[in-house]
Amino acid sequence: MNSITRSILPGLLALLSAVWADAKDIIISNPQSTPRTIPEMVEVPADAFSGIVSSSHDALFLCVVTPQGDTLATQQTHDGKMIFPCPPLKGKETVRLKVCTTQRKAPSQVFGRNFPERANDFSFENDRVAYRLYGPGTKGLYGYDMFSKKTPKLVLQRWYALQCDEQMWATHRKMVRAGHKKLADEMYNSVFSYHVDHGEGMDQYSVGSTMGAGAVAYMTPCDDKTCDSTAPRLYYAGAFSSAEVVDSGPLRLTVRLTYGSDTRLLTLDAHSNMVRSTVIPNETTAGLTPVAGIAIHQDGAEYSTDGASATYEDAGGMLLGCYMPGGKACYAPLAKVTSGATGHVILTPKAQERRAKKAVSKDGKVVPEPFTYYFGSAWTQYDGDSITSLQQWKDYIAAFVKQKEKPLKVIIK
(Lines give C-alpha, C1' and ligand atoms only; values in the text may rest on other atoms or scores of the structure.)
Protein backbone atom coordinates (compact mmCIF):
# COMPACT_ATOMS: atom_id res chain seq x y z
CA MET A 1 0.00 0.00 0.00
CA ASN A 2 1.55 3.35 -1.06
CA SER A 3 1.55 6.57 0.99
CA ILE A 4 -1.33 8.12 -1.01
CA THR A 5 -3.54 5.10 -0.41
CA ARG A 6 -2.67 5.13 3.30
CA SER A 7 -3.67 8.77 3.55
CA ILE A 8 -6.96 8.31 1.67
CA LEU A 9 -8.12 5.05 3.23
CA PRO A 10 -8.94 6.38 6.75
CA GLY A 11 -11.10 9.13 5.28
CA LEU A 12 -12.83 6.70 2.97
CA LEU A 13 -13.62 4.33 5.82
CA ALA A 14 -14.91 7.26 7.89
CA LEU A 15 -17.15 8.29 4.99
CA LEU A 16 -18.59 4.80 4.82
CA SER A 17 -19.13 4.61 8.57
CA ALA A 18 -22.53 6.25 8.19
CA VAL A 19 -23.57 3.47 5.83
CA TRP A 20 -22.30 0.90 8.33
CA ALA A 21 -24.12 2.47 11.29
CA ASP A 22 -26.77 -0.26 11.34
CA ALA A 23 -24.58 -2.92 9.71
CA LYS A 24 -23.40 -6.17 11.15
CA ASP A 25 -19.93 -7.61 11.06
CA ILE A 26 -19.13 -10.98 9.50
CA ILE A 27 -16.41 -12.88 11.34
CA ILE A 28 -14.81 -15.70 9.34
CA SER A 29 -12.43 -18.27 10.82
CA ASN A 30 -10.33 -20.93 9.13
CA PRO A 31 -10.38 -24.11 11.26
CA GLN A 32 -7.52 -25.61 9.26
CA SER A 33 -3.92 -25.32 10.37
CA THR A 34 -2.98 -24.66 6.74
CA PRO A 35 -4.02 -21.84 4.36
CA ARG A 36 -7.22 -22.22 2.33
CA THR A 37 -5.87 -22.26 -1.20
CA ILE A 38 -9.00 -23.24 -3.12
CA PRO A 39 -11.40 -20.36 -3.99
CA GLU A 40 -14.72 -20.67 -2.16
CA MET A 41 -17.81 -18.63 -1.39
CA VAL A 42 -18.83 -17.55 2.10
CA GLU A 43 -22.53 -18.22 2.69
CA VAL A 44 -24.60 -16.32 5.27
CA PRO A 45 -28.38 -15.89 5.71
CA ALA A 46 -29.47 -12.94 3.56
CA ASP A 47 -32.22 -11.93 5.99
CA ALA A 48 -29.59 -11.22 8.65
CA PHE A 49 -28.97 -7.89 6.87
CA SER A 50 -32.55 -6.79 6.33
CA GLY A 51 -31.98 -3.90 8.77
CA ILE A 52 -29.47 -2.14 6.51
CA VAL A 53 -31.52 -2.19 3.29
CA SER A 54 -34.93 -0.72 2.60
CA SER A 55 -36.01 -3.11 -0.16
CA SER A 56 -35.15 -6.36 -1.89
CA HIS A 57 -33.79 -4.26 -4.78
CA ASP A 58 -31.33 -2.53 -2.41
CA ALA A 59 -30.22 -5.94 -1.15
CA LEU A 60 -28.82 -6.64 -4.60
CA PHE A 61 -26.22 -3.95 -3.94
CA LEU A 62 -24.87 -5.17 -0.63
CA CYS A 63 -21.09 -5.40 -0.51
CA VAL A 64 -18.49 -6.65 1.92
CA VAL A 65 -15.37 -4.70 2.85
CA THR A 66 -12.20 -6.38 4.13
CA PRO A 67 -9.92 -4.91 6.83
CA GLN A 68 -7.61 -3.80 4.00
CA GLY A 69 -10.41 -1.74 2.41
CA ASP A 70 -11.04 -4.13 -0.49
CA THR A 71 -14.69 -4.31 -1.59
CA LEU A 72 -16.09 -7.76 -2.31
CA ALA A 73 -19.17 -8.24 -4.48
CA THR A 74 -22.10 -10.22 -3.10
CA GLN A 75 -25.05 -12.13 -4.52
CA GLN A 76 -28.47 -13.05 -3.15
CA THR A 77 -29.26 -16.69 -3.98
CA HIS A 78 -32.56 -18.46 -4.59
CA ASP A 79 -32.30 -20.33 -1.27
CA GLY A 80 -32.05 -17.22 0.91
CA LYS A 81 -28.29 -16.80 1.20
CA MET A 82 -25.91 -13.93 0.66
CA ILE A 83 -22.63 -15.15 -0.81
CA PHE A 84 -19.29 -13.48 -1.48
CA PRO A 85 -15.73 -14.66 -2.24
CA CYS A 86 -13.78 -15.70 0.82
CA PRO A 87 -10.67 -13.52 1.27
CA PRO A 88 -7.34 -15.39 1.54
CA LEU A 89 -7.01 -17.01 4.95
CA LYS A 90 -3.91 -18.42 6.60
CA GLY A 91 -4.03 -21.39 8.92
CA LYS A 92 -6.27 -20.73 11.97
CA GLU A 93 -6.74 -17.12 10.82
CA THR A 94 -9.84 -15.08 11.67
CA VAL A 95 -10.95 -11.92 9.84
CA ARG A 96 -13.73 -9.43 10.56
CA LEU A 97 -15.56 -7.98 7.55
CA LYS A 98 -17.97 -5.06 7.29
CA VAL A 99 -21.22 -5.13 5.31
CA CYS A 100 -22.11 -1.97 3.39
CA THR A 101 -24.26 -0.85 0.48
CA THR A 102 -23.14 0.34 -2.92
CA GLN A 103 -24.78 1.24 -6.21
CA ARG A 104 -22.15 -0.61 -8.23
CA LYS A 105 -23.34 -3.96 -9.53
CA ALA A 106 -20.53 -6.40 -10.25
CA PRO A 107 -20.16 -7.85 -13.75
CA SER A 108 -21.19 -11.50 -13.96
CA GLN A 109 -18.47 -14.14 -13.80
CA VAL A 110 -20.83 -17.02 -14.56
CA PHE A 111 -23.19 -17.77 -17.44
CA GLY A 112 -25.62 -20.45 -18.50
CA ARG A 113 -28.66 -20.92 -20.75
CA ASN A 114 -30.50 -23.31 -23.02
CA PHE A 115 -29.28 -23.29 -26.61
CA PRO A 116 -32.32 -24.19 -28.76
CA GLU A 117 -30.16 -23.63 -31.82
CA ARG A 118 -28.18 -26.72 -30.78
CA ALA A 119 -30.72 -29.43 -29.72
CA ASN A 120 -31.73 -27.30 -26.71
CA ASP A 121 -28.53 -28.15 -24.82
CA PHE A 122 -27.93 -26.40 -21.53
CA SER A 123 -24.37 -25.05 -21.36
CA PHE A 124 -22.80 -23.10 -18.54
CA GLU A 125 -19.42 -21.68 -17.54
CA ASN A 126 -17.40 -19.51 -15.19
CA ASP A 127 -13.94 -18.01 -15.54
CA ARG A 128 -12.34 -21.47 -15.19
CA VAL A 129 -14.49 -24.22 -16.71
CA ALA A 130 -17.41 -24.84 -19.07
CA TYR A 131 -19.86 -27.72 -19.53
CA ARG A 132 -22.61 -28.91 -21.85
CA LEU A 133 -25.62 -30.96 -20.74
CA TYR A 134 -27.53 -32.70 -23.52
CA GLY A 135 -31.05 -31.46 -24.05
CA PRO A 136 -34.33 -32.97 -25.26
CA GLY A 137 -33.28 -32.77 -28.90
CA THR A 138 -30.29 -35.09 -28.39
CA LYS A 139 -30.44 -38.85 -28.97
CA GLY A 140 -27.96 -41.46 -27.74
CA LEU A 141 -25.73 -39.13 -25.70
CA TYR A 142 -25.96 -39.39 -21.94
CA GLY A 143 -23.12 -37.93 -19.93
CA TYR A 144 -21.82 -34.46 -19.17
CA ASP A 145 -19.62 -32.86 -21.79
CA MET A 146 -16.82 -30.44 -20.95
CA PHE A 147 -15.16 -27.63 -22.87
CA SER A 148 -11.45 -26.96 -22.51
CA LYS A 149 -11.23 -23.25 -21.69
CA LYS A 150 -7.99 -21.34 -22.14
CA THR A 151 -9.23 -17.93 -21.00
CA PRO A 152 -11.11 -16.50 -17.99
CA LYS A 153 -13.47 -14.71 -20.40
CA LEU A 154 -17.03 -15.99 -20.81
CA VAL A 155 -16.98 -17.52 -24.28
CA LEU A 156 -19.96 -19.84 -24.76
CA GLN A 157 -22.29 -17.29 -26.34
CA ARG A 158 -19.75 -16.53 -29.05
CA TRP A 159 -18.73 -20.16 -29.55
CA TYR A 160 -22.30 -21.30 -30.09
CA ALA A 161 -23.08 -18.32 -32.33
CA LEU A 162 -20.21 -19.32 -34.61
CA GLN A 163 -20.82 -23.06 -34.46
CA CYS A 164 -24.54 -22.67 -35.25
CA ASP A 165 -24.28 -19.86 -37.80
CA GLU A 166 -26.85 -20.69 -40.51
CA GLN A 167 -25.17 -18.58 -43.18
CA MET A 168 -21.90 -20.41 -42.58
CA TRP A 169 -23.58 -23.81 -42.91
CA ALA A 170 -25.44 -22.70 -46.06
CA THR A 171 -22.12 -21.65 -47.58
CA HIS A 172 -20.56 -24.93 -46.46
CA ARG A 173 -23.32 -26.98 -48.12
CA LYS A 174 -23.07 -24.93 -51.32
CA MET A 175 -19.31 -25.52 -51.51
CA VAL A 176 -19.76 -29.25 -50.90
CA ARG A 177 -22.37 -29.51 -53.66
CA ALA A 178 -19.94 -27.71 -55.97
CA GLY A 179 -17.31 -30.40 -55.29
CA HIS A 180 -15.17 -28.42 -52.83
CA LYS A 181 -15.73 -30.39 -49.62
CA LYS A 182 -12.10 -30.19 -48.49
CA LEU A 183 -12.07 -26.41 -48.93
CA ALA A 184 -15.45 -26.15 -47.15
CA ASP A 185 -14.17 -28.15 -44.19
CA GLU A 186 -11.03 -26.01 -44.01
CA MET A 187 -13.20 -22.88 -43.90
CA TYR A 188 -15.35 -24.37 -41.13
CA ASN A 189 -12.39 -25.51 -39.03
CA SER A 190 -10.36 -22.33 -39.43
CA VAL A 191 -13.15 -19.89 -38.57
CA PHE A 192 -16.32 -21.38 -37.06
CA SER A 193 -15.71 -24.70 -35.34
CA TYR A 194 -15.48 -24.82 -31.54
CA HIS A 195 -13.76 -28.18 -31.96
CA VAL A 196 -10.62 -26.23 -32.94
CA ASP A 197 -8.67 -23.98 -30.55
CA HIS A 198 -8.74 -20.44 -31.91
CA GLY A 199 -6.97 -19.05 -28.85
CA GLU A 200 -9.74 -19.37 -26.24
CA GLY A 201 -10.06 -23.16 -25.98
CA MET A 202 -12.23 -25.81 -27.64
CA ASP A 203 -14.56 -28.78 -27.36
CA GLN A 204 -12.22 -31.76 -27.50
CA TYR A 205 -13.80 -34.12 -24.95
CA SER A 206 -15.51 -37.36 -26.03
CA VAL A 207 -18.74 -38.33 -24.26
CA GLY A 208 -20.81 -40.60 -26.46
CA SER A 209 -22.85 -43.23 -24.63
CA THR A 210 -21.02 -42.88 -21.31
CA MET A 211 -21.29 -40.85 -18.09
CA GLY A 212 -18.74 -38.44 -19.51
CA ALA A 213 -17.20 -35.83 -17.22
CA GLY A 214 -19.14 -36.41 -14.00
CA ALA A 215 -22.76 -37.37 -14.67
CA VAL A 216 -25.10 -39.59 -12.64
CA ALA A 217 -26.19 -43.14 -13.49
CA TYR A 218 -27.83 -46.03 -11.65
CA MET A 219 -26.74 -49.64 -11.43
CA THR A 220 -27.64 -52.95 -9.86
CA PRO A 221 -26.10 -53.10 -6.37
CA CYS A 222 -22.54 -54.40 -6.16
CA ASP A 223 -20.03 -54.64 -3.35
CA ASP A 224 -16.46 -53.32 -3.33
CA LYS A 225 -15.06 -56.56 -4.76
CA THR A 226 -17.42 -57.06 -7.68
CA CYS A 227 -17.21 -53.44 -8.86
CA ASP A 228 -13.53 -53.89 -9.69
CA SER A 229 -13.84 -57.34 -11.27
CA THR A 230 -17.10 -57.34 -13.24
CA ALA A 231 -18.99 -54.92 -15.42
CA PRO A 232 -22.08 -53.68 -13.54
CA ARG A 233 -25.05 -52.79 -15.69
CA LEU A 234 -25.45 -49.01 -15.80
CA TYR A 235 -28.78 -47.30 -16.37
CA TYR A 236 -28.34 -43.84 -17.86
CA ALA A 237 -30.83 -41.04 -17.39
CA GLY A 238 -30.51 -39.81 -20.97
CA ALA A 239 -31.07 -36.14 -21.81
CA PHE A 240 -32.83 -33.75 -19.44
CA SER A 241 -36.46 -32.78 -20.10
CA SER A 242 -36.35 -29.30 -18.57
CA ALA A 243 -33.78 -26.82 -17.23
CA GLU A 244 -34.51 -23.80 -15.03
CA VAL A 245 -31.87 -21.25 -14.02
CA VAL A 246 -32.54 -20.26 -10.39
CA ASP A 247 -29.29 -18.33 -9.76
CA SER A 248 -27.85 -16.33 -12.65
CA GLY A 249 -24.84 -14.52 -11.21
CA PRO A 250 -22.79 -12.50 -10.81
CA LEU A 251 -21.03 -15.02 -8.54
CA ARG A 252 -23.10 -18.20 -8.70
CA LEU A 253 -24.94 -20.06 -11.45
CA THR A 254 -27.49 -22.65 -10.31
CA VAL A 255 -29.69 -24.68 -12.65
CA ARG A 256 -32.46 -27.12 -11.75
CA LEU A 257 -32.66 -30.00 -14.23
CA THR A 258 -35.40 -32.60 -14.56
CA TYR A 259 -34.46 -36.08 -15.78
CA GLY A 260 -36.54 -39.23 -16.09
CA SER A 261 -34.74 -40.70 -13.08
CA ASP A 262 -34.24 -37.69 -10.82
CA THR A 263 -34.05 -33.95 -10.28
CA ARG A 264 -30.61 -32.31 -10.15
CA LEU A 265 -29.43 -28.97 -8.83
CA LEU A 266 -26.06 -28.00 -10.32
CA THR A 267 -24.16 -25.05 -8.83
CA LEU A 268 -21.06 -23.39 -10.26
CA ASP A 269 -19.34 -20.52 -8.44
CA ALA A 270 -16.95 -17.96 -9.89
CA HIS A 271 -13.25 -18.93 -9.68
CA SER A 272 -13.98 -22.61 -8.92
CA ASN A 273 -13.00 -25.65 -10.98
CA MET A 274 -15.67 -27.73 -9.25
CA VAL A 275 -19.45 -28.03 -9.75
CA ARG A 276 -21.70 -29.02 -6.86
CA SER A 277 -24.44 -31.49 -7.81
CA THR A 278 -27.38 -32.37 -5.55
CA VAL A 279 -29.45 -35.28 -6.86
CA ILE A 280 -32.98 -36.24 -5.78
CA PRO A 281 -33.84 -39.70 -7.21
CA ASN A 282 -37.45 -40.66 -7.96
CA GLU A 283 -39.33 -43.97 -7.83
CA THR A 284 -38.02 -45.11 -11.23
CA THR A 285 -34.66 -45.75 -9.52
CA ALA A 286 -36.07 -47.95 -6.73
CA GLY A 287 -33.79 -50.88 -5.95
CA LEU A 288 -30.84 -49.39 -7.82
CA THR A 289 -27.59 -47.84 -6.57
CA PRO A 290 -26.89 -44.24 -7.66
CA VAL A 291 -23.37 -43.48 -8.83
CA ALA A 292 -21.45 -40.50 -10.17
CA GLY A 293 -18.63 -41.15 -12.58
CA ILE A 294 -15.91 -40.18 -15.02
CA ALA A 295 -15.42 -42.07 -18.28
CA ILE A 296 -11.96 -43.61 -18.68
CA HIS A 297 -10.89 -43.61 -22.34
CA GLN A 298 -8.46 -45.85 -24.18
CA ASP A 299 -6.21 -42.91 -25.03
CA GLY A 300 -6.30 -41.41 -21.54
CA ALA A 301 -3.17 -41.20 -19.39
CA GLU A 302 -3.94 -42.22 -15.83
CA TYR A 303 -6.65 -42.34 -13.19
CA SER A 304 -6.44 -42.74 -9.42
CA THR A 305 -8.83 -43.01 -6.48
CA ASP A 306 -8.36 -41.77 -2.93
CA GLY A 307 -11.20 -42.69 -0.60
CA ALA A 308 -14.17 -40.64 -1.73
CA SER A 309 -12.42 -38.81 -4.59
CA ALA A 310 -11.02 -39.62 -8.02
CA THR A 311 -8.72 -37.84 -10.48
CA TYR A 312 -7.97 -38.57 -14.11
CA GLU A 313 -5.98 -37.16 -17.02
CA ASP A 314 -7.59 -37.67 -20.39
CA ALA A 315 -6.02 -37.15 -23.80
CA GLY A 316 -5.08 -33.58 -24.71
CA GLY A 317 -4.22 -32.54 -21.16
CA MET A 318 -7.82 -32.60 -19.91
CA LEU A 319 -7.97 -33.13 -16.14
CA LEU A 320 -11.13 -34.44 -14.50
CA GLY A 321 -12.11 -35.07 -10.90
CA CYS A 322 -14.98 -36.22 -8.69
CA TYR A 323 -15.61 -36.11 -4.93
CA MET A 324 -18.54 -37.52 -2.98
CA PRO A 325 -18.58 -36.78 0.76
CA GLY A 326 -18.98 -40.03 2.68
CA GLY A 327 -18.80 -42.03 -0.54
CA LYS A 328 -16.51 -44.66 -2.02
CA ALA A 329 -14.58 -44.49 -5.31
CA CYS A 330 -13.66 -47.52 -7.41
CA TYR A 331 -13.15 -48.54 -11.04
CA ALA A 332 -16.02 -50.19 -12.90
CA PRO A 333 -15.17 -51.64 -16.34
CA LEU A 334 -17.60 -51.59 -19.25
CA ALA A 335 -18.56 -54.91 -20.85
CA LYS A 336 -17.23 -53.54 -24.16
CA VAL A 337 -15.46 -50.43 -25.33
CA THR A 338 -18.08 -47.71 -25.76
CA SER A 339 -17.35 -44.36 -27.43
CA GLY A 340 -13.66 -44.98 -26.78
CA ALA A 341 -14.24 -45.64 -23.07
CA THR A 342 -13.16 -48.84 -21.34
CA GLY A 343 -14.93 -48.09 -18.05
CA HIS A 344 -15.71 -45.49 -15.40
CA VAL A 345 -14.30 -44.39 -12.11
CA ILE A 346 -17.49 -44.39 -10.08
CA LEU A 347 -18.38 -42.97 -6.68
CA THR A 348 -21.19 -44.48 -4.62
CA PRO A 349 -22.87 -42.81 -1.61
CA LYS A 350 -22.61 -45.96 0.53
CA ALA A 351 -21.88 -44.34 3.86
CA GLN A 352 -24.74 -41.90 3.32
CA GLU A 353 -27.13 -44.74 2.47
CA ARG A 354 -26.29 -46.54 5.71
CA ARG A 355 -27.11 -43.41 7.73
CA ALA A 356 -30.17 -42.30 5.80
CA LYS A 357 -33.80 -43.10 6.44
CA LYS A 358 -34.76 -44.94 3.26
CA ALA A 359 -37.95 -44.25 1.31
CA VAL A 360 -39.86 -47.25 -0.05
CA SER A 361 -41.74 -47.33 -3.34
CA LYS A 362 -45.11 -48.99 -3.93
CA ASP A 363 -43.51 -52.30 -4.91
CA GLY A 364 -41.48 -52.39 -1.70
CA LYS A 365 -38.14 -51.40 -3.23
CA VAL A 366 -35.96 -48.75 -1.63
CA VAL A 367 -35.70 -45.41 -3.42
CA PRO A 368 -32.18 -43.90 -3.08
CA GLU A 369 -31.91 -40.92 -0.76
CA PRO A 370 -30.88 -37.47 -2.11
CA PHE A 371 -27.11 -37.07 -2.24
CA THR A 372 -24.53 -34.42 -3.09
CA TYR A 373 -21.23 -34.77 -4.91
CA TYR A 374 -18.79 -32.55 -6.80
CA PHE A 375 -17.31 -32.91 -10.28
CA GLY A 376 -14.74 -30.69 -11.93
CA SER A 377 -12.09 -30.20 -14.56
CA ALA A 378 -9.05 -28.23 -15.66
CA TRP A 379 -6.96 -27.93 -18.79
CA THR A 380 -3.18 -27.94 -18.71
CA GLN A 381 -3.16 -25.17 -21.35
CA TYR A 382 -5.28 -22.66 -19.41
CA ASP A 383 -3.54 -19.28 -19.65
CA GLY A 384 -1.40 -18.39 -16.64
CA ASP A 385 -2.65 -21.35 -14.64
CA SER A 386 -0.93 -23.24 -11.84
CA ILE A 387 -2.59 -26.54 -12.79
CA THR A 388 -0.43 -27.85 -15.58
CA SER A 389 0.02 -31.50 -14.58
CA LEU A 390 -1.92 -34.41 -13.13
CA GLN A 391 -0.01 -34.10 -9.85
CA GLN A 392 -1.05 -30.45 -9.48
CA TRP A 393 -4.63 -31.47 -10.23
CA LYS A 394 -4.43 -34.15 -7.53
CA ASP A 395 -3.15 -31.50 -5.12
CA TYR A 396 -6.07 -29.24 -6.05
CA ILE A 397 -8.64 -31.98 -5.43
CA ALA A 398 -6.98 -32.95 -2.13
CA ALA A 399 -7.09 -29.33 -0.94
CA PHE A 400 -10.69 -29.00 -2.11
CA VAL A 401 -11.69 -32.12 -0.14
CA LYS A 402 -9.89 -30.86 2.96
CA GLN A 403 -11.76 -27.55 2.85
CA LYS A 404 -15.09 -29.33 2.44
CA GLU A 405 -14.30 -31.54 5.42
CA LYS A 406 -13.35 -28.48 7.51
CA PRO A 407 -15.73 -25.72 6.40
CA LEU A 408 -15.38 -22.09 7.33
CA LYS A 409 -16.74 -20.93 10.68
CA VAL A 410 -18.91 -17.86 10.20
CA ILE A 411 -20.40 -15.61 12.89
CA ILE A 412 -22.59 -12.53 12.31
CA LYS A 413 -22.49 -9.82 14.98
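The values are calculated or read from the model by the stated rules, or taken from the named source; none is laboratory data. The structure presented is a predicted model; accordingly, all values stated were derived computationally and were not measured. Note: ideal-geometry Cβ built from the backbone for every residue, glycine included; neighbour counts use all protein chains shown. In case anyone asks, the SASA skips ligands and DNA or RNA and just uses the protein heavy atoms, side chains included. Shrake-Rupley method; radii C 1.70, N 1.55, O 1.52, S 1.80 Å.
Brief remarks on what is shown
- Helix content alone sets the calculated 222 nm mean residue ellipticity of the chain: runs of n ≥ 4 DSSP H residues at -39500 (n - 2.57) each, divided across all residues, give -5000 deg cm²/dmol.
- For the residues 33, 304, 242, a GNM of the chain with alpha-carbon springs under 10 Å puts the largest fluctuation on 33.
- Under-5 Å amide H pairs with residue 334, H placed in peptide plane, nonlocal only: 343, 344
- Whole-Hz Karplus values for segment 302-314 come out as 6, 10, 8, 10, 9, x, 9, 10, 9, 9, 7, 10, 8 Hz, taken residue by residue from phi with 6.51 cos²θ - 1.76 cosθ + 1.60 and θ = phi - 60°; glycine and proline positions read x.
- Segment 264-406 - charge dipole about Cα centre, Lys and Arg +1 at Cβ, Asp and Glu -1, debye rounded to 20: 880
- Förster-model FRET efficiency, 22 Å R0, residue 391 and residue 33, C-beta, rounded to 0.05: 0.45
- Distance (nanometres) between label positions extended 7 Å along Cα→Cβ at residue 94 and residue 171: 6.4
- Summing Lys and Arg as +1 and Asp and Glu as -1 over all other residues whose Cβ lies under 9 Å from the Cβ of residue 269 gives a net charge of +1.
- Cα-based shape type of segment 311-351, given that a ≥ b ≥ c are square roots of the gyration tensor eigenvalues and the cut on a/c is 1.5: oblate
- Residues in the chain average 45 Å² of solvent-accessible surface per residue, probe 1.4 Å, ligands and nucleic acids excluded.
- Amide H contacts of residue 147 (H built 1.01 Å from N, under 5 Å, at least 5 apart or other chain): 130, 131, 132
- Prolate/oblate/rounded call for segment 287-356, Cα gyration tensor, a/c under 1.5 rounded: oblate
- By a 1.4 Å probe calculation restricted to protein chains, residue 405 has an accessible surface near 130 Å², given to the nearest 10.
- When +1 charges are put on Lys and Arg Cβ atoms and -1 charges on Asp and Glu Cβ atoms, the dipole computed for segment 247-303 relative to its Cα centre reaches about 220 debye.
- Farthest towards the positive end of the charge dipole of segment 113-156, among the residues 152, 116, 134, is the Cα of 152, using unit charges on the Cβ of Lys, Arg, Asp and Glu.
- Segment 240-247 - phi-based ³J(HN,Hα) in whole Hz, Karplus 6.51/-1.76/1.60, Gly and Pro as x: 6, 9, 8, 9, 10, 7, 10, 9
- Selected from 202, 318, 274 as most flexible by GNM, with the chain as the system and alpha-carbon contacts under 10 Å: 202
- Taking every C-alpha pair closer than 8 Å and separated by at least 6 residues, the mean separation divided by the residue count of the chain gives a relative contact order of 16 percent.
- Projecting the Cα positions of 28, 190, 309 onto the charge dipole of the chain (unit charges on Cβ atoms of Lys, Arg, Asp and Glu, taken about the Cα centre) puts 28 furthest along the positive direction.
- Ranking of 181, 336 by solvent-accessible surface, largest first: 336, 181 (1.4 Å probe, protein heavy atoms only, all chains present).
- Once C-alpha pairs closer than 8 Å and six or more residues apart are averaged by separation and normalised to the residue number of segment 148-283, the relative contact order reads 13 percent.
- Rounded if a/c under 1.5, otherwise prolate or oblate - segment 125-267, Cα gyration tensor axes: prolate
- Theoretical gain in end-to-end length, residue 198 to residue 117 [0.36 nm per residue, Cα-Cα removed]: 27.0 nm
- Of 176, 366, 155, the one that fluctuates the most in a GNM where the chain has Cα springs shorter than 10 Å: 176
- Phi angles across segment 157-171 convert, under the Karplus curve 6.51 cos²θ - 1.76 cosθ + 1.60 with θ = phi - 60°, into 3J(HN,Hα) values of 4, 5, 4, 5, 4, 6, 4, 9, 5, 5, 5, 4, 5, 5, 5 Hz, Gly and Pro given as x.
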